[in-house]
1. Could you tell me which of the residues TRP1013, TRP1038 is touching a helix residue (DSSP H, G or I) at 6+ places or on another chain (Cβ under 7 Å) and of a type in the set (Phe, Trp, Tyr)?
2. Can you tell me how many residues in segment 1050-1085 are part of a helix (DSSP H, G or I) and either closer than 30 Å to LEU854 by Cβ or charged (D, E, K, R) (or both)?
3. Regarding HIS57, is this residue open to solvent by 100 Å² or more (accessible area, probe 1.4 Å) and either under 17 Å from ARG244 (Cα atoms) or modelled with pLDDT under 75 (or both)?
4. Pick out the one residue from PRO89, PRO80, PRO76 that is surrounded by 23 or more Cβ atoms within 10 Å (Cβ to Cβ) and not polar (S, T, N, Q).
5. Looking at LEU987, LEU1028, can you tell me which residue is open to solvent by less than 80 Å² (accessible area, probe 1.4 Å), under 30 Å from MET836 (Cα atoms), touching a residue at least 24 places away in the same chain (Cβ under 8 Å) and in contact with a Lys or Arg (Cβ under 9 Å, 6 or more places away or on another chain)?
6. May I ask you to list the residues in segment 208-236 that are open to solvent by less than 90 Å² (accessible area, probe 1.4 Å) and in a helix (DSSP H, G or I)?
7. Please specify each residue of segment 940-959 satisfying the condition of being of a type in the set (D, E, K, R) and either at negative phi or touching a residue at least 60 places away in the same chain (Cβ under 8 Å) (or both).
8. Answer with yes or no whether ARG286 is under 19 Å from LEU824 (Cα atoms) and surrounded by 18 or more Cβ atoms within 10 Å (Cβ to Cβ).
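The values are calculated or read from the model by the stated rules, or taken from the named source; none is laboratory data. Worth saying up front: this structure is predicted, and the values here are computed from it rather than measured. Note that each Cβ is placed from the backbone with ideal geometry, even for glycine, and that neighbours are counted across all protein chains shown. For the accessible areas, the whole protein counts, side chains as well, though only heavy atoms, and no ligand, DNA or RNA atoms are used. Shrake-Rupley method; radii C 1.70, N 1.55, O 1.52, S 1.80 Å.
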Amino acid sequence: LHKLPREQKRHQQKHSGPKAEKKKLKKQKGSTEDDDQKRNPKAFAVQSAVRMAKTFHRAQDIKTKKHHIPLVDRSPFEPPPVVIVVVGPPRVGKSTLIRCLIKNFTRQKLGDICGPVTIVSGKKRRLTFMECNNDINTMIDLAKVADLVLMLIDASFGFEMETFEFLNICQVHGFPRIMGVLTHLDSFRNNKMLRKTKKNLKHRFWTEVYQGAKLFYLSGMVYGEYQTQEVKNLGRFISVMKFRPLVWQTSHPYVLVDRMEDLTDPERLRTDPKCNRTVSLYGYLRGTYLKNKGQVHIPGVGDFQVTGVNFLPDPCSLPDAQKKRALNEKERLLYAPMAGVGGVVYDKDAVYIDLPANHVKQQQDMVRPTTELVHSLIDTHATLDAKMASSKVSLFSSSAHLETTDIDQEEEGCHGKSVWDPNIQRERRRVVFSDEEGESDVSGSSDDEDCDSEGSDQELQEKDKDEVNFSTFLKEARSKSEKTGKTLTSSVPPVKKQKLQKTKGEKKIITEVLEFADSEDDLEVCEKMDKRVGDSGHCSEEDEDESGDEVEEDVSMEEEDSTAEAEGSFYCFLSSGAPRWKESLQQKASEAFLRQQEAAPNLRKLVYGSVADDSEVGGMFRVIRPQKCKRFQVNALDCSRFNPDTSHNWEAEEMLNSIMDCFVTGKWKECQDAATLLKEDEELFGDFEDLETGEVHEGQTGLQDQAENFENGKDNDNEAEVSLVKVDEEEVLKNKRLEKKRRLKERFDAEYDDGDATYFDDLKEEMQKQAELNRLEFEDVDNETRVQYEGFRPGMYIRLEISSLPCEFVINFDPHYPIILGGLGSSEGNVGYLQMRLKKHRWYERILKTRDPLILSLGWRRFQTIPLYHIEDHNGRHRLLKYTPQHMHCGASIWGPITPQGTGFLAVQSVAGAKANFRIAATGVVLDLDKSVTVVKKLKLIGYPYKIFKNTCFIKGMFNTVLEVVKFEGASVRTVSGVRGQIKKALTTHPGAFRATFEDRLLMSDIVFLRSWYPVCVPQLYNPVTSLLLPVGQKDSWAGMRTLGQLKHDLGIRNKPNTDSLYMPVNRAQRRFNPLHIPKELQKALPFKSKPKQQQPKGKMPRDLQRPSVIREPHEKKVAALLHALSTVHNYKRKKAHLVQHTRHKEFLQQKEKQEEAKLKRQKEARKKLYRVMGQMEQKQHRSSLKGVPQDD
């Protein structure tokens, strides 16, 4: 058996002893850093002042780098949805990621991603997803409106050019938040390679965005979708992300259009299919406030004037403010009209309804009659006439069924008659009996008097029994009529279904349901009426007027009693003789009226005289209300019917006293009474002491207190209770004074004690106060009034109507391309000269040429223009450049739309198709908006001298007329050799000739030139890029003006080169210069070194002085050769011996150096030994001298 390992002995804490006591004491006190600092102050002292200063400076630098310029928070209370743009090259997984995120937030699957998709992601945030396709126009447009960019990168391939292009576009137009997402990670089989790829991509991504930018990894796909947990983590980051406002977005209103409707007249389309269209565009307003009738720009289309703007109900509204952790199923809304997903959409022409199956909960016990009617119409197999002929109707449960053959016989009983009622402004169908025709009306208004006159004693006795059985009687009658399953004849309209419910207090709340409605709006209204319980009944005049005659056809056959409508509407089945339930109608109506009076009135109706009209939706159409909403008209006091018992007698003193405090002379609240407020001020500032004289001044309150104390002293025995009450009042007043002083002190301290507050904190607080002030200004005002004052605020779902849009916009509409409405400022609709600072992009392969057309993205616009590049010289002159500098900024002048200074722009040479190379040619910023900069180019005028008089010359060939010479009189000229001169005067001999003076005498071969500057005009070309007007599938092939090189290439043109511009070999004739001639006077003044030396050249030696050459004999030649050989051998031996001697001497020196080192070492050791002995002797002497000293000393 294996031995079990012995368990390690655990540490036992000590419960007694000094260490345990110390621990207990430490635990009780709870030691802090301050205690340690007090206990050991040296440990916390400054060790190095320099290091402490560096640490402090570094901490302050890090803190300051985090500061941004605080901006006023202008975001609305309900912000618009956050725009999330999903960007990436083709086939990288953009649509799949959007579908997975939508499924994560809304539990719904979406097929094709077309246009913006808006969802509710949380209690306070909505998201709008937009897919960016591989078109540079779409990239530029979406970069301007994006709040968050999800940049998808194929990890198996690496970075593609589209990623870097979009990053550079974002850098120019305001950098939104960017998150990278790596896909296709499941293609890696080697984990080491996967980790290395992740690291490389992450660091390259950080280089382009910022250090620490978030990069998500989607490891793989399961059944065509990304893994749920990874998508959920990405969704959490998106839900809690904060966004910094971008300057361009916060200063301009814009709309990302999610729906488009063509409102053009069909007759006009039939006659002229190519006419301009009137289009309504829908979307959430973002940015800043939008004014009506303003000017907007649609990128890819052009500038347009807005015909009208109005706001609509939010189709994807945020959930109600409730304390809960998550959204329920009904609050997870999804709105994507271009993708065919959304709820009820109201329009000017129609109402679109789309209810997903998972949101519709059908209840078996409550089936809508409308559904039955629709199903019965769909499943019908017989004609309407056949059904009407075979239909039967029974009015009562015990009565016989009536057929169509019996109608002629029954017509003698009763028939209907339409009567116009001026009181309620509608037609009423009166029931007329043949035997009572002409005697009395059977309308609801006369039933009270008839029932009172026809009552009998027997009916009075059975009154209570009838009231109990009335509800069951009506239910049985309805059930019998429903079981027949037959419809009424055309003479009898459908009857409304009535519900009677009894409450505990014997109060009946009757709700009505439309049995057959003309539209679903009627059903919605009726459902709202069903849910309304305890309504006050004070209808507004608008409600009464709006419920018109259209609903007359759906009103039930019975007539409603005007006084009984407040309690509920009853079926009126009349036969010969008065029914028992008619008894005591006056008393019932009176009780119903009193109950309505006790209910809470509509305060808005009482104060303002009208209530908000909620029947109008979007300013376009009205909701049709059923006629039953007029059932509360009985609130108007009608003394001809009855006299209510609770009528107010305003002459009575009690009634007058009850409303006395409502007026200025009445008794107000203590906090609002003027006398009380003045008294508090006197108490606060009444008593004071004069610091100079020391005299104490008492206010009125103090004197009154003294008087009160004096009176209380007199009547101390009689008024003991009064004195106690006054003491309590004094105590209360004292507490009030102390509280007021405390508040004043706090206010003073807050105003004058800065504390640790910095300028940045004060600035932030000021911005926060301004934002709060902006928010509170129109907080309690309704939307219609707010829109008139401040415009349409961001976050509203608005509808913009634009007329005169090109027909190609509607015909070639493609939902995959975004439609953006960018609001323009007051001056941004004009076109003029713009001065810019431009730099060629370092990744663009070619330099840019002046006068080559460029496509600029500036503000909301994309347009083509012709720039002129220039650079500023040291003297302020703007000199024209033929090409842009390679690695330097230069100026650019264009003709284009006026855009605010400081706005960034980018330039591309072509937007057609996709190229392998980087497409962004240049970036820059707007500097000026006027024509103050004059661009000039250098112009050299060349002339030739034809007469020379010392330093004066006559020049020809530079000008053509005398007038040109006069214009340039006094101008400086120079020759190629560098001799400077000046133009003096024109000559008459040759046209354009002039006289000029120079520093030195010219030669006839010299060339004279004049350097001048010629102003250049900026070409006026502004060509908007209309890519959205192209046919579907060709929107990325817009081609504008071509460059000169492209034109030559396309047309096959080759220019003949200028012969003067060709490089040719230079053959220069050798020039012979005259000898230098120095005057004698100048030679005398020169120093000796610079004087010319007069040396005679050596002539030939005379023959007599020349030595004759010696010719040796053969024997002499042999002797000379032998001597030469011997000398050569001797020289060699001597050289060899010298080398041997040198080597020996070198060895000797090395040996001697070693000996010297050993000698120095021995001397050093000897000195050490000597010094040691001397030191010991000195110590011994010192000790012996100390021993000899007496102790007394």
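1. Going through TRP1013, TRP1038 in turn, just one is touching a helix residue (DSSP H, G or I) at 6+ places or on another chain (Cβ under 7 Å) and of a type in the set (Phe, Trp, Tyr): TRP1038.
2. Matching residues across segment 1050-1085 total 7.
3. no
4. Details: PRO89 fails: surrounded by 23 or more Cβ atoms within 10 Å (Cβ to Cβ); PRO76 fails: surrounded by 23 or more Cβ atoms within 10 Å (Cβ to Cβ).
Of PRO89, PRO80, PRO76, the one residue that is surrounded by 23 or more Cβ atoms within 10 Å (Cβ to Cβ) and not polar (S, T, N, Q) is PRO80.
5. Result: LEU1028 is the single residue among LEU987, LEU1028 that is open to solvent by less than 80 Å² (accessible area, probe 1.4 Å), under 30 Å from MET836 (Cα atoms), touching a residue at least 24 places away in the same chain (Cβ under 8 Å) and in contact with a Lys or Arg (Cβ under 9 Å, 6 or more places away or on another chain).
6. Those that are open to solvent by less than 90 Å² (accessible area, probe 1.4 Å) and in a helix (DSSP H, G or I): GLU208, GLU230, VAL231, LYS232, ASN233, LEU234, GLY235.
7. Of everything in segment 940-959, those that are of a type in the set (D, E, K, R) and either at negative phi or touching a residue at least 60 places away in the same chain (Cβ under 8 Å) (or both) turn out to be LYS940, LYS947, LYS956.
8. yes
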